[in-house]
Structures are given as C-alpha cells and as structure tokens.
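Remarks on the structure that follows.
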Amino acid sequence: MRRRLPGLVLIVLCVLAAISGWDSDALAKDLPFRQGEKMVYQARWGFVSAGQSVIEILPDQIINDVRTWHFSMTTTTNAGMDLIYKVREHKESYMDLNRMRTVLYKEKEEGNHPRDVVVTYDWAKGTVTRTENGNVGDTISIPAGTIDPLGLFFFIRMNRLKLGDVLEFPVTDGKKHWDTKATVVRKEQLTINGKTYDTLLVMPDMKRIEDVFKKKDEQPDLMIWFSADERQVPVKIESKVIIGTFVFELVSTTF
C-alpha cells in the first residue's frame with residue numbers, strides 16, 4: 001500500500017489540534033519519540049570495530065519564531081579506524097514541531113573531509129539555501145514538507161510501519177531535492193549484544209541523493225531496521241560509503 005508521510009493519523013491529530021486548541025506538547029505525546037531520547041550505536045566497518053554514533057533529541061529550540069524538534073547525531077571513529085578513515089561528524093536537524101518539516105539543518109565535519117554546512121529553509125518562499133565553509137550556494141526551490149537527511153529517521157518513525165508500505169517524502173541537503181521512497185521490505189529478528197529484537201527492515205531509495213553519506217561515484221545503499229513495537233527505534237543502520245560498508249548497531253537507549 002502506498003501512503004504519503006506523515007500519514008492519516010497525524011493529519012487527523014493536527015486538525016484536532018487546530019480545532020480544539022491542543023498545544024504542540026499534546027501532539028508530541030502521540031509520537032513514538034520524545035525529548036530526551038538518546039540512542040548509542042557501535043559502528044563496524046566490515047568485521048572491524050570502527051567507533052560510535054549517538055542520535056538524540058535535545059531540548060526544543062525556537063528558530064525564526066518556530067518551535068522545533070532538535071535532533072542531533074554525532075559520529076566518531078576510534079583510534080584504529082582513524083588511521084584508515086577519520087570521522088568527527090556532527091549533524092543537527094531542526095524540524096517544525098507541528099508540521100514536521102525542516103527549518104534548519106547543520107553538518108560539521110572535522111575528520112578527513114572538513115566542512116561546515118548550514119542549510120536554511122525559507123517556507124514563506126518555498127526555498128532552501130546552503131552555506132558551506134562560509135560560501136553561500138544557490139537558492140533552490142523545494143516542495144512542501146521537505147525534510148533533511150537526519151530528520152528522515154524521525155519522519156519515518158512518525159508513521160506506523162507495516163510490511164509492504166511505501167512511504168514517500170521529499171529530502172534535500174541544500175544542493176538538490178529528491179522525492180524519496182522508503183519501502184518496508186520484510187520482518188527480521190535481530191540479536192544485538194545479547195538482546196533480541198523483532199524488526200521491520202526499511203530501505204529508503206537513496207540512489208539519487210548525492211553527498212549525504214559521502215559516496216561520490218556510486219550512490220549509497222541505505223538499510224534501516226526499526227523495532228516492530230510502538231517506539232519503532234532504529235536498532236540497526238547499514239550504509240555503503242566510499243570505503244565500504246558501515247554498520248551501526250544499537251547498544252543502549254534512553255527514553
């Protein structure tokens with residue numbers, strides 16, 4: 001079955017909020033995530049331990065008079081992996097708490113490929129502007145509801161996943177935008193650090209997204225295993241990048 005995020009349930013909640021005067025806090029309680037959530041992942045490059053990644057929801061921020069979710073992802077390779085491919089990357093996504101569209105996206109890399117990126121979304125004009133290392137790029141038009149690469153993980157979680165679903169949503173990194181499709185491919189049972197999870201494997205169609213995962217000649221494959229429960233936590237993430245495949249497995253979570 002094909003659906004467009006955020007899905008019928010969230011649309012109904014938004015309408016009810018407008019009619020009854022619910023605030024955004026009430027709406028947030030109906031989502032599978034909330035402020036304070038923190039997920040820690042152990043990274044592997046093939047069979048080699050590669051480092052750690054942390055995804056968390058920080059306190060809400062007001063950006064251009066809009067109250068936003070503040071999502072954060074920090075990835076750090078360990079000393080051994082640094083000798084091959086050093087990563088010190090921090091991403092931040094600020095998404096409108098009521099509409100779940102991105103307002104601001106930041107990406108800072110201090111590893112092998114240093115860069116400082118700020119992507120500003122102007123919803124009054126329907127445009128986005130990317131500034132990289134102080135250089136302002138072209139302003140491009142984007143469709144309604146466009147999100148950023150980090151916000152993608154939370155946007156998928158907003159929808160109650162079912163086997164066979166195809167979720168459609170626009171994504172941009174500030175250079176171009178793409179209509180992305182995420183397919184719920186199959187059910188899998190995973191055991192990570194001695195803990196067993198029933199999961200749903202989701203495969204976003206990332207073939208035309210450039211530079212999101214640092215792969216240039218051939219676009220990366222991305223697979224995300226979400227827990228098949230009410231939280232729908234990403235318990236495993238696998239991505240092909242320039243130097244091979246990185247796997248991120250959940251080792252701890254707070255909620």
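The values are calculated or read from the model by the stated rules, or taken from the named source; none is laboratory data. These numbers come from a predicted model, not from an experiment. Every residue, glycine as well, gets a Cβ built from its backbone with ideal geometry; the counts of neighbours run over all protein chains shown. Side chains are part of the model used for accessible areas, which takes the heavy atoms of the whole protein and leaves out ligands, DNA and RNA. Shrake-Rupley method; radii C 1.70, N 1.55, O 1.52, S 1.80 Å.
Take region 74-204 with all the other protein chains still there, run a 1.4 Å probe, and you get 45 Å² of accessible area per residue. If a/c stays under 1.5 just call it rounded; otherwise compare a/b with b/c (prolate if a/b is bigger, oblate if not). Do that for region 110-160, with a ≥ b ≥ c from the square roots of the Cα gyration tensor eigenvalues. Here region 110-160 falls in the oblate category.
On the beta carbon distance between LEU83 and PHE255, with R0 = 45 Å, the FRET formula returns roughly 0.80. Cβ-Cβ distance of THR129 and THR183, R₀ of 25 Å, FRET efficiency by 1/(1 + (r/R0)^6): the value works out to about 0.20.
Please report the spacing between the Cα centers of region 72-100 and region 123-165 in Å, no decimals. Each part's Cα centre sits 17 Å from the other's.
Taking each of LYS86/LYS175; LYS106/LYS175; LYS106/LYS187 in turn, the alpha-carbon distance tops 23 angstrom for LYS86/LYS175; LYS106/LYS187. For region 18-160, a/c is not less than 1.5, where a ≥ b ≥ c are the root eigenvalues of the C-alpha gyration tensor, and a/b does not top b/c. That puts it in the oblate class. Note on ARG160 and ARG67: with the Förster distance fixed at 25 Å, the Cβ-Cβ geometry gives a FRET efficiency of about 0.55. If you sort the three axes of the alpha carbon gyration tensor as a ≥ b ≥ c, you get a/c of 1.5 or more for region 65-105 and a/b above b/c, which makes it prolate.
In plain terms, the chain from ASP30 to ILE242 could stretch by 72.5 nm, reckoned as 0.36 nm per residue minus the Cα-Cα distance.
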